[in-house]
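Worksheet: one structure, shown below.
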Amino acid sequence: MHTPGSSTAGYTLLLIVQVVLIIVFGFCTDYAKELLPVKNETVKAAHEPEHEANNLRKYPHFQDIHVMIFAGFAFLMTFLKRYGFSASGLNLLVAALVVQWAIIMRGCYEMEDGIIPISLQNLIGADIAAAAVLISMGALLGRTTPIQLLIMGIVEIAIFAGNEYLQVELVKAADVGGSITVHAFGAYFGLAVSFMLRPKKEQAKAGPLEGSSYHSDISAMIGTIFLWIFWPSFNSALVDGADQERAIINTYLSLAGATVTTFVLSALVSHEHKLDMVHVQNSTLAGGVAVGSICNLLIHPFGALIVGVIAGVISVLGYRYLTPAILSNLRIADTCGVHNLHGMPAVLSAIFSAIYASFASHETYGNSLATIFPAMQSINATSHASEMGEHMEYVIGGYGRTGAKQAAFQLMAIGLTMLIAIVGGLLTGLILKSPSVRQLEEHELHKDDAFWETPSEDSTNTVATNETVHQ
Amino acid sequence: MHTPGSSTAGYTLLLIVQVVLIIVFGFCTDYAKELLPVKNETVKAAHEPEHEANNLRKYPHFQDIHVMIFAGFAFLMTFLKRYGFSASGLNLLVAALVVQWAIIMRGCYEMEDGIIPISLQNLIGADIAAAAVLISMGALLGRTTPIQLLIMGIVEIAIFAGNEYLQVELVKAADVGGSITVHAFGAYFGLAVSFMLRPKKEQAKAGPLEGSSYHSDISAMIGTIFLWIFWPSFNSALVDGADQERAIINTYLSLAGATVTTFVLSALVSHEHKLDMVHVQNSTLAGGVAVGSICNLLIHPFGALIVGVIAGVISVLGYRYLTPAILSNLRIADTCGVHNLHGMPAVLSAIFSAIYASFASHETYGNSLATIFPAMQSINATSHASEMGEHMEYVIGGYGRTGAKQAAFQLMAIGLTMLIAIVGGLLTGLILKSPSVRQLEEHELHKDDAFWETPSEDSTNTVATNETVHQ
Amino acid sequence: MHTPGSSTAGYTLLLIVQVVLIIVFGFCTDYAKELLPVKNETVKAAHEPEHEANNLRKYPHFQDIHVMIFAGFAFLMTFLKRYGFSASGLNLLVAALVVQWAIIMRGCYEMEDGIIPISLQNLIGADIAAAAVLISMGALLGRTTPIQLLIMGIVEIAIFAGNEYLQVELVKAADVGGSITVHAFGAYFGLAVSFMLRPKKEQAKAGPLEGSSYHSDISAMIGTIFLWIFWPSFNSALVDGADQERAIINTYLSLAGATVTTFVLSALVSHEHKLDMVHVQNSTLAGGVAVGSICNLLIHPFGALIVGVIAGVISVLGYRYLTPAILSNLRIADTCGVHNLHGMPAVLSAIFSAIYASFASHETYGNSLATIFPAMQSINATSHASEMGEHMEYVIGGYGRTGAKQAAFQLMAIGLTMLIAIVGGLLTGLILKSPSVRQLEEHELHKDDAFWETPSEDSTNTVATNETVHQ
């Protein structure tokens, strides 16, 4: 039985959320100063070329990330045979809501005079934040109502923004590709929610619709491939110059290494040594996650390949052995296997970032050290930095860290992030299973029909109709 | 019965059109001067960096628009269950023909010494012009022969180019995102054609193939999502600097607002409160249209969200109530619902542009006023502009407009555009239903098989064959 | 009967190849010098802006090409009804392996102190090299094991890199779009391999699965359309400034001309004058190949259109008449018809390049002559070039070529390339059919099931299951 009444209430609540967001945008945001017209003509002439160079230079990167969030994640999740409307549609809905909310929540940490200044940079940040929510959604795919997803997204973004500020601004962890703050956070948050929503003991197995069809596996590849293609843009969007180019090269190589390894491992561990589309759709991307926190470091091309290969191995083995074990032992369902694509590779990335940080020094990194590991700046460098107009903020543990100390902070960042994500996810799960929130019934799992009008004709009828008309 | 003879004549005519286009290109076009090799070496050194900065800076924007025209529109139209070959194939054919023709027709208004100078800018303009034709095609989808579409495209582009010149250069309407000149024009032109091709009274209902299948709805989402992603590029391609960045931000927010609203309204008004893929595929995009004419104005983030929300509401209600009413009362079929995605949101955008124009002044917009509303430049500004090398042309109603006057011209632009589009569409429809042009018979509606070789195997046979071979 | 044992051996070999590649990367590559941190602070300030302008300016172009290689080729090859997992998956595997190998092989010709300096430029080159292998893969699609493809890719890249160096650096052929070095090379190499793997006489006909389904034809259009959209980026990636903009314009127009012509010809020559998806998926792209070697020349817009029209004609006629003839007479299978999309249009491009070269002179091309046809620089120009820091290398036939001489070298380039490709392909085919390499058995042709786990449910069962659950 459907309970459409509760759905209507949910959608009405969503409308209220949208109206509230408009009000908040009205009172708390405006365009960044450089986007407002300049009154003084002389200033303008000097001002504009630099603005273009600074802000819009990142626009192609932004659009690449935009494709990942709105096309990549959407189609990757269409792999379920009867959940394609939800995968492609709810991905759009969730992302469209949480990017608005992320602009506000992330903006809280960069307000000027009570106003969040909005520029392209905020849109990039919002898109990246949305990735965390979509990763969590992947863990829960097919097991929640649309409204549960949206509630999760709203809570998650608030916690995400706080954690991101904590790790990047206060702990000063190096994490340009967001492996710690986005991938680990999103994966463990989603798994914690999934734990709270865990099925009763007798139901902890794959449902009848929790699988792919031939066509859905191919449409999922649209997502995989566009994520694969644009991952170098995701990892390199927040850095510049030579650091950006290294981030591109390392991500490209890590993905290539992970891809080859995924195919090898998939064939070696699968039934009859046949390739498994689940591995190809997901583990090929693990190289992008695993290199995320270190892609701008001097890991050198062979280092990038090694990281990718290890990520591919871990990810395939995770899909093959760990996910089924977690489902049957802990009853934590993970529909898309985000633990294998995002969770473990992100932890790997954090560990590598600690290792590389421990070897980092001014000798190897030169002036880049202050950009890559801001808290490793010595006092001399600091005075120089402030001359150059750089803003020295409060940092946990202070400046002038040694490599070993920075390594410890890298590990602290991943540990704290996982802790915050898991606690946040457990609390969110509590909300989602409260009696006032509509839950899915068992026959509604992994099925569009519960929330979508679906075409009544199946493909066989189509052809029949077609031929009838023709004759 | 097929009448292949008439088809052959049509395709032969198409070949002749292509040959004529080549001749016209040969006599009337050449590369723009800055694309020809420089003979004097000293000039070159000074010349080149600036050229690159000016021309190719827009290339990523061009490619984003290119994706919208050739992938976005194509896949959006694949939603019909048995019209996917035509949707993806004829979109390519029509666009490939009309971009050539649009370069010529639009070029007529910027000839230098009888030659149209061709640069990247002309390709951007041609792609945008093609959008108008593809919108009209959406209204008629499945109800015309390929040749009828091409005839329509050729007539439409000629009228489009004239109207665009009229509104942008003579009326000096603000319309950076093309809501007036592209979306309203394309939608009402298509609807007028559809009126002329209206079915007999007893046939004015959805045909047996005028619906989607599960797979076709998902492939349509490819189109929706890529249009959604790159809409900020469409709206911001023709402006620069801070204006461009505002156009990006406003379009992004308007789309987000329209998307959330679309899901809410879809659930609230649909049968059993289930989400309707037609709304998700189309109304989520209405925010991009509705913000088109005002996206570079100081509408502020909350204004962009409000515009998006209103667009979402209007568009979903249009699909739910207006389109069926228009079909049954006026017998105007609108297969893709372009009135709801392009028509009404574009009128909304024009109205908003009038409202914002009426409040515009030099105090709020500073120097940007001359860029955004060129006809609002005062005489002082004019003399200054001419010092800066800007070209002051003849403008209907003259320069020095007040905000209120500019508002009136904005409304005049949308009114004139709709009038020209409707009259043009009616005349075009007359041509398309003339006895010398092959029409579709009723059993050919919304069906690829009339014009395409389609695979004889249905999917069931495929599997059977497959298994037979395997055993 | 499957022989999984040999598969495991193949995948283990692949793992060894990946490990060897990592070792080679470790000893023979590093980031290019400008990507290493600068130690001296003063140098950095002066250095960085220029670096960004030089290197990362090409990043949007790179990403467009990246989409072509990893999404375009992948989905174009999904047209077979039961080979979509292989098309999309093996495209990813092959490309991910050969880009690594291509960085090494191409890098051999630009080593500095025994180290290959890696920058974005190498990734672009590697992606372009991968295109050659994917073209060859298209000829063989469905007729090889994954391991055979990988062996072919490794051998092919080694020969490709040598031939590319020969034609571009020693013969100094003009070939910015890679029609000679990529398209002709890849096509004839693949056809030569296909000849070696030719079926026994009685099997030289299309197999039961060597066709498309309605859905697979539409997913192939994803590939076609993204290739079509980004082809201007492929052809213009290696040139700059006005040359780049001309390359974009010419490719755009050539593709448009080829597309219109493809539809016309397809209807005129096909059964019942219906359009054929094979032509639409492939011949529309022939315009991009045919203009490849000449896209930066002064061929003028009408010239670009003519090239496209001729390419469309040749390509459709090739699919309709030549491919079946080659299959039945020479038993050379060409699953994707790469001879019609890449082979013949590339030869056409080379012929056109000879014609245009024969008319080239300093009067028409000015200073661009030295960039476009480097070996046509006269001694005076040479001394000037060396003043400007340009590196004058050894060139077969020497500098100061006349137009006619350059034309001869253009023809020499295509002739040599075809010769090398065919001999290389024949030798590679010998390896692939050696007894130690697992071959496909006849019942495994064009079928994913031989190497992939495929979902057991067909779509009819899905719906049935679905309804059972629902009730």
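Can you name the residue in the range C:257-284 that is more than 8 Å from chain B (Cβ to nearest Cβ) and more than 12 Å from residue B:96 (Cα to Cα) and, of all such residues, is surrounded by the fewest Cβ atoms within 10 Å (Cβ to Cβ)?
It comes out as C:269.
Pairs only if they're at least six apart or on different chains, beta carbon under 9 angstrom, first in the range C:196-215 and at the interface with chain B (Cβ under 7 Å from one of its Cβ atoms), second in a loop (DSSP other than H, G, I, E, B) and β-branched (Val, Ile, Thr); list them, first residue then second.
That search, which allows pairs on different chains as well, returns C:214/B:454.
Can you go through C:304, C:357, C:370, C:375 and tell me which one is surrounded by 22 or more Cβ atoms within 10 Å (Cβ to Cβ), farther than 28 Å from residue B:16 by Cα and more than 19 Å from the chain's Cα centre (by Cα)?
C:357
Yes or no: the range B:96-105 includes at least one residue that is without any contact (Cβ under 8 Å) to a residue 40 or more places away in the chain and surrounded by 22 or more Cβ atoms within 10 Å (Cβ to Cβ).
Taking every residue of the range B:96-105 in turn, at least one turns out to be without any contact (Cβ under 8 Å) to a residue 40 or more places away in the chain and surrounded by 22 or more Cβ atoms within 10 Å (Cβ to Cβ).
Only one of (1) within 11 Å of another protein chain (Cβ to nearest Cβ); (2) in contact (Cβ under 8 Å) with a residue 24 or more places away in the chain fails for residue B:174. Which number is that?
(1)
Does any residue of the range C:123-146 turn out to be closer than 22 Å to residue A:244 by Cα, within 11 Å of another protein chain (Cβ to nearest Cβ), free of Cβ contacts under 8 Å to residues at least 24 places away in the same chain and in a helix (DSSP H, G or I)?
No: the range C:123-146 contains no residue that is closer than 22 Å to residue A:244 by Cα, within 11 Å of another protein chain (Cβ to nearest Cβ), free of Cβ contacts under 8 Å to residues at least 24 places away in the same chain and in a helix (DSSP H, G or I).
Being over 25 Å from residue C:230 (Cβ atoms), at pLDDT below 95, at the interface with chain A (Cβ under 9 Å from one of its Cβ atoms) and not in a helix (DSSP H, G or I) narrows it down to one of C:37, C:49, so name that one.
Just one listed residue meets the conditions, C:37.
Of all residues in the range B:332-371, how many are charged (D, E, K, R) and at pLDDT below 95?
Within the range B:332-371, residues that are charged (D, E, K, R) and at pLDDT below 95 number 1.
Quick one: in the range C:58-93, which of the residues that are facing chain A (nearest Cβ under 9 Å), among the aromatic types (Phe, Trp, Tyr) and closer than 21 Å to residue C:148 by Cα is farthest from the chain's Cα centre (by Cα)?
Looking at residues that are facing chain A (nearest Cβ under 9 Å), among the aromatic types (Phe, Trp, Tyr) and closer than 21 Å to residue C:148 by Cα, I get C:85.
Considering the range B:344-362 alone, what residues qualify as being in contact with a Leu (Cβ under 7 Å, 6 or more places away or on another chain) and not hydrophobic (A, V, I, L, M, F, W, C)?
Listed by number, the residues that qualify are B:356, B:362.
Quick check on residue B:238: is it in contact with a Phe, Trp or Tyr (Cβ under 8 Å, 6 or more places away or on another chain), over 22 Å from residue A:102 (Cβ atoms) and touching a residue at least 24 places away in the same chain (Cβ under 8 Å)?
no
Which of the residues belonging to the range B:309-336 are out of contact with any Gly (no Cβ under 7 Å at 6 or more places or on another chain) and touching a residue at least 60 places away in the same chain (Cβ under 8 Å)?
B:327, B:328, B:330, B:331, B:332, B:333, B:334
Going by the structure shown, is residue B:248 buried (at least 24 other Cβ atoms within 10 Å of the Cβ), in contact with a Leu (Cβ under 9 Å, 6 or more places away or on another chain), at the interface with chain A (Cβ under 7 Å from one of its Cβ atoms) and farther than 18 Å from residue B:341 by Cα?
yes
Residue check: is residue A:217 assigned to a helix (DSSP H, G or I), more than 14 Å from the chain's Cα centre (by Cα) and surrounded by fewer than 24 Cβ atoms within 10 Å (Cβ to Cβ)?
Judged against the criteria, residue A:217 is not a match.
The values are calculated or read from the model by the stated rules, or taken from the named source; none is laboratory data. This is a predicted model, so every value here is computed, not measured. All Cβ positions, even for glycine, are placed from backbone atoms using ideal geometry, and neighbour counts span all protein chains on display.
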